[in-house]
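Taking it in order: structure first as structure tokens, then the write-up.
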Amino acid sequence: MAELTVGDLVVDYGPVRALRGVSMRVPSGSIVAVLGANGAGKSTLLRAVSGTLRFHRGRVARGEIALDGTRIDELAAAAVVRRGVTQVPEGRRVFARMTVEENLRAGGLGTPRRAAARARERVHELFPVLAERARQRAGLLSGGEQQMLAIGRALMAEPSVLLLDEPTLGLAPQMAARIAGTIKAINAAGTSVLLVEQNVAMALALASHAYVLEVGSVALEGPAATLADSDEVRRRYLGVSDESPGLEARAGLSRWSA
Ligand SMILES: Nc1ncnc2c1ncn2[C@@H]1O[C@H](COP(=O)(O)OP(=O)(O)O)[C@@H](O)[C@H]1O
Ligand SMILES: [Mg+2]
């Protein structure tokens, strides 16, 4: 469990400024949600934290990223993983031609053998299907199973902070609900979570605090419950019109808060 802080983060892709001074805090042991439309900068934020942006060409991010007060923004991606921050990328990105087991092993590279064995056991407990299909090619799994594998792979390094980029994207509601339950369980076992989601109702039900990104800036932030009740959030992100009393949103929220 650890606290992640981001201070005044600026990221440019050439002439495109994707993040314009973003600051946020993921308190130790919490789930924090990041919401926002396509192109708002959500994935860029996670990739800056995980160090995967810097592979492109030198250092593209400015600002401060710290874990329990210690800067990690100068570290290469592998070193960020060793510090205990792992990422589940958007679109799952499992290694399709490798087996399920090999995918998990890839996530445990750089983790001491005994810790990796312990992590694998835990992943198999969370997702029994990954044990059953250990020798199958990952590309043959369903979308939901691939998402489980992507999460399992990220858990192999026993992270203290887990970054999740749209984990329920494209999944049927039932599978999305399972993933949501798993995120809750992972957090309850002591991992802080930074959750990027387009499923706003689900994210606000899981998170204690949320940030809304708009074209690279934090447009809104607050306790998740407050945002869930905010007219602006309901109108813009939960598909509730001005005239309607917000019943749809309430129904959506209650479905996820069990
Ligand atoms: N590799 C890249 N090169 C150039 N521009 C990019 C790249 N990745 C993202 N962008 C741009 O940065 C902005 C933020 O993108 P992204 O972080 O992927 O947003 P989100 O995840 O919220 O959809 C968008 O304008 C997008 O077009
Ligand atoms: Mg994205």
Which percent, to the nearest 5, of DSSP beta bridges fully inside the chain are antiparallel? 60 percent
Checked the stretch 21-143 with the C-alpha gyration tensor, a ≥ b ≥ c its square-rooted eigenvalues, rounded below a/c of 1.5, otherwise prolate if a/b is larger than b/c and oblate if not; verdict prolate
Under the Karplus curve 6.51 cos²θ - 1.76 cosθ + 1.60, θ = phi - 60°, whole-Hz ³J(HN,Hα) for the stretch 8-15, x wherever Gly or Pro sits: 6, 7, 10, 10, 10, 9, x, x
Does the stretch 1-88 come out rounded, prolate or oblate, given a ≥ b ≥ c as the square roots of the eigenvalues of its C-alpha gyration tensor, rounded meaning a/c under 1.5 and, failing that, prolate meaning a/b above b/c? oblate
If you roll a 1.4 angstrom probe over the protein chains with everything in place, what fraction of the accessible area of the chain belongs to carbon and sulfur, to the nearest %? 51 percent
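Using the heavy atoms of the protein chains and a 1.4 angstrom probe, tell me the accessible area per residue for the chain in square angstrom. Intermediate results must be reported in sequence, preceding the final value.
Values: 11940 Å² over 258 residues.
Spelled out: the 1.4 Å probe surface of the chain, per residue, equals 46 Å².
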Set Lys and Arg Cβ to +1 and Asp and Glu Cβ to -1, take the dipole of the stretch 150-238 about its Cα centre, and tell me which of A185, L164, V215 lies farthest positive. A185
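Which shape class, rounded, prolate or oblate, goes with the chain when its Cα gyration tensor gives a ≥ b ≥ c as root eigenvalues, a/c under 1.5 marks rounded, and past that a/b bigger than b/c marks prolate?
Details: a/c = 1.75, a/b = 1.19, b/c = 1.48.
Judged from the Cα gyration tensor, the chain comes out oblate (a/c at least 1.5, b/c at or above a/b).
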Label zone at A78, where the point sits 7 Å out along the Cα-to-Cβ direction: the stretch 102-125 residues whose backbone N lies under 17 Å: 105-113
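Using DSSP to call loops (not H, G, I, E or B), can you name the trypsin sites (Lys or Arg not before Pro) in the stretch 85-120 whose Cβ has at most 10 other Cβ atoms within 10 angstrom? Please report the intermediate quantities before stating the final value.
Details: sites: R92, R93, R97, R105, R113, R114, R118, R120; in loops: R92, R93, R97.
Answer in residue order: R97.
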Quick query: amide H of V88 versus all other amide H atoms, modeled in the peptide plane; which residues come in under 5 Å with a sequence gap of 5 or more or a different chain? L163, L164, D165
In order over the stretch 61-66: 3J(HN,Hα) from phi, Karplus 6.51/-1.76/1.60, θ = phi - 60°, whole Hz, x for each Gly or Pro, gives 9, 10, x, 10, 10, 9
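The values are calculated or read from the model by the stated rules, or taken from the named source; none is laboratory data. Just so you know, these numbers come straight off a predicted model, no measurement behind them. Methodologically, a virtual Cβ is constructed for each residue, glycine included, from the backbone with ideal geometry; neighbour enumeration extends over all protein chains shown. SASA here: full protein model, heavy atoms, side chains in, ligands and nucleic acids out. Shrake-Rupley method; radii C 1.70, N 1.55, O 1.52, S 1.80 Å.
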